[in-house]
Amino acid sequence: MLPGGSIALAHPAVDAETRLLVLPHPSSGAPTYFSTPAEGEHEMYELLVVRAEKPSARSWMVAARDAHAGGSVLADGALRVLSPIDPVFVLLGLLAESDAERRFCPADDLAEAAAERHAQRRATEGSVRPWPDIAPFLLHPRMAAHLQRICDTQDEPSASDGLVYRLSYDKIGALLSDKCARLAQSAVHDAAPETLGRQVRKELADAQHASDAEIRAAQESVARRLVQSYLPPAVAGRWVS
């Protein structure tokens, strides 16, 4: 971690720093670190922290990119990974159960309402901390295209971007079903044998003798469960793939 809430991206195509945003996790609403780098293959990342069991925890010795610079030691033994995430999941977490479901709203109004609604939710949990990153994230120029993936739009000359938005569950359902179909492909599971492949094997009573149909059903089940783990309850409850 760098001062000011930044992190150096460990990505081959990115050699810059990016500020970490604190936004509600799409499913749980818990404060979660995300990154939206100015350059790179992906538009958004989620910061995941992987910790070993205490008895086996070890320190990490991290070498610097510059061969002439000193490295560092991560004494807590936690591995921090920036994992790509589709911004629409975060947007759904911010906009579900809001006015965006009922009427067309300018992006400015969506951002203000989302920040206020999630602050109120946080207050009911005993925290007075605001969500200062919600509005800047929603109003980021790159988010307009992602809003259009999950919202119906209408022209509105008085809006800052000339549009007003309303969540479209037809668009959302089609998008999520497409993600499931792509995640369920055998090639995707074959490329991730220790993650998706392992979950598929757990789904099968006898993985070694499973039929093609049983394997396919298990792949689809794992894909759907993975997608659902990034959906707010209001969206998950209405989604029928």
Quiz prompt | Pair list, Cβ < 7 Å and 6+ apart or interchain, from segment 196-223 residues that are on the phi < 0 side of the Ramachandran plot to residues that are acidic (Asp, Glu) | solution = Leu204/Glu214; Ala218/Glu203; Ser221/Glu203; Val222/Glu203
Exercise. Please go through segment 170-209 and pick out each residue that is at pLDDT 90 or above, in contact with an Asp or Glu (Cβ under 9 Å, 6 or more places away or on another chain) and not in a helix (DSSP H, G or I).
Key: Ala184
Self-check item: Cβ pairs under 7 Å, 6+ apart, first in segment 42-53 and surrounded by fewer than 17 Cβ atoms within 10 Å (Cβ to Cβ) and outside any strand (DSSP E or B), second of a type in the set (S, T, N, Q) and at pLDDT below 75
Solution: none
Exercise. Find the residue count for segment 154-177, including only residues that are free of Cβ contacts under 8 Å to residues at least 24 places away in the same chain and either charged (D, E, K, R) or closer than 20 Å to Ser98 by Cα (or both).
Key: 4
Quiz item: On the given criteria, is Ala218 in a helix (DSSP H, G or I) and over 24 Å from Pro87 (Cα atoms)?
Solution: yes
Quiz item: Looking only at helices (runs of 4 or more DSSP H) that fall completely inside segment 93-153, which ones have 3 or more residues that are closer than 25 Å to Gly237 by Cα and among the small types (Gly, Ala, Ser)?
Solution: 107-124
Exercise. Assess whether Arg103 counts as being surrounded by fewer than 14 Cβ atoms within 10 Å (Cβ to Cβ), in contact with a helix residue (DSSP H, G or I) (Cβ under 9 Å, 6 or more places away or on another chain) and touching a residue at least 12 places away in the same chain (Cβ under 8 Å).
Key: no
Quiz prompt | Unmet criterion (only one of (1) among the β-branched types (Val, Ile, Thr); (2) in a helix (DSSP H, G or I); (3) surrounded by 19 or more Cβ atoms within 10 Å (Cβ to Cβ)) for Val164 | solution = (2)
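The values are calculated or read from the model by the stated rules, or taken from the named source; none is laboratory data. Here the structure is a predicted model, which means the values were calculated and not measured. We place every Cβ from the backbone using ideal geometry, glycine too, and count neighbours over all the protein chains shown.
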